[in-house]
Amino acid sequence: FWKGHDLRFLDRQNGIAVKVFNPLDRNLPPPFNYLLEYDRVDARMHGKALIIDGDTAIVGGRNVGAEYFRRDAEDYFSDFEVLVRGEASDDIRTAFDRFWNDSLARDYAEFAPGQAPHPRRSALGTSRDITEPRQTLDSLLNRHRIFGAEAVLHMDTPDKVRVGSGSGGSIASEGALSALSEARESVLIVTPYFIPGDEATATLIGLARRGVRLRVVTNSLGSTNHPSVHAGYLKHRKRLLNAGVEIFEYRPGVLRPYQTSGRGHAPVTTLHSKVMLIDGTTTITGSMNFDARSLHKNSELLVELVSPSLHQWVEEWIEDTLLKSSYALRLAEDGKVVWQAQGQNGRTVRSTEPNHDLGSLTVSLLFALTGLDSAL
C-alpha cells in the first residue's frame, strides 16, 4: 500500500507531523471494519485547507495527489480554490486545530508502527520542485486579481463523523442550502458529483419555478472518475430539465476507448471544482459536493464570500472555461435527453450518453438499478 509508505516517509522527516483522522482498525481486514462499524468508517473528514503561517489559507476542492497537480500522465482533475487572508483565515486555522486535537485523530506512528518508507520516496530530496519553488506567493498574487469580501466560514465539527451518518449536525451543508434557498434571481452550481436526492431536487425545482435562473455544471459519464456516482443523478435529470433547470455536463476532452488490457483509457480531464454562485453577490466554495454523502455524512469546509466583483469574475471564468467545454442538456420533443456541444461546424447534437466506454456505462446502469443514492 504505497500511500501508507509515503505518509510514513513524511512522518519521519524533521518538522513534519502526520495524523490520520478516523482510521480503519488495522487489526481487522477492511471488510470487517465496514461490517462492524459501518456508520463510523463510512463517514469521512472531507474538508480541504492549506494554512500558511496562520494568516493565509487556501480553501477549495483539491486533494494532495499527483493527478491534482498535473503530475499524472493518465488523468487530471480540474479544480477551483480561493486564497483567503484576514479574520477568515483565523477561523480556518481554529477549525483545523479542532480536528487535529480531536480524539479521532491519531498519530501516524501509532496507527502504523514500524512501517518502512517506500524506497522510491528517497528521490524526493533531490527534486527541484521541492527545494526550489517555481514562484513566490507574492509573484503569484501579482498575476491574479485580489478581492475584498465579507467572509463566513461553514465548517463541520468532528462530531458529525463521530455520531454516525445523518445525525451529527451538518453545519457546512446547512449554511450552503440556507443561502441557496434564499436565492431570488440566479444560482450557478459547479459540482463534480451531483446526486441531489429527492429533498434537494425538490428545492432546486422550487427555485426554478419561482423564477430563479438555475444552472448546474457537473461531469458527464465520459469525464467522471466514478461512474456509479453518475448513476445517482440519472433519475433526477429529466425532472430537473422539465422544471427549467439548465444542466451542463463537462466533456472529457478525449475519448476513453474501452480496453480489456493495458492502461484502459486515454488521458482524461475530470471536473473536480465545487462552486456555488448566488444572486450576483455570493460565492461559496470549498470541499462540499452536491450529494447525500457531503450533505449528511462527511465533514466539510466551505467559505462563503460576499463580493459582487468576485462573483462576476468567477461567473465569467465558469462561462468562458467550463460551459464552453460542456454539453448543454435539453429535452427533445419526444421527452428524451439530448446533448448539445459547440463544434467547429456549429452545434452538434447527440441522443445518447456521449464519450463513455462500455465499462463506465455498465457500472452506471447497475448502480442506477440499486437506488442506493445515499451510499454513493
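Below, the figures for the structure above:
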{"read-out": "Full-extension gain in nm, E110 to V306, via 0.36 nm per residue minus C-alpha separation", "value": "66.3 nm"}
{"read-out": "Under 14 Å from the Cα of K336 - aspartates and glutamates, other chains or at least 8 residues apart", "value": "E353"}
{"read-out": "Label point distance in nm, L28-R143, each placed 7 Å from Cα along Cα→Cβ", "value": "4.8 nm"}
{"read-out": "Span from the the stretch 203-240 Cα centroid across to the the stretch 273-314 one, whole angstrom", "value": "16 Å"}
{"read-out": "Per-bin percent of Cα-Cα distances, the stretch 1-105 [10 Å]", "value": "12, 31, 40, 16, 1"}
{"read-out": "Cα-Cα over 26 Å, subset of K160/K235; K238/K274; K160/K274; K48/K235", "value": "K160/K235; K48/K235"}
{"read-out": "Residues D334 and R44, FRET efficiency given R0 of 45 Å [Cβ-Cβ distance, rounded to 0.05]", "value": "0.60"}
{"read-out": "Charge tally in the Cβ shell below 9 Å around R213, where Lys, Arg are +1 and Asp, Glu are -1, R213 excluded", "value": "-1"}
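No value in this document is a laboratory result; all are computed from the given coordinates. Note that the structure is predicted; figures quoted are calculated from it, not measured. With ideal geometry, Cβ positions are generated from the backbone for all residues, glycine too; neighbour counts draw on all protein chains shown.
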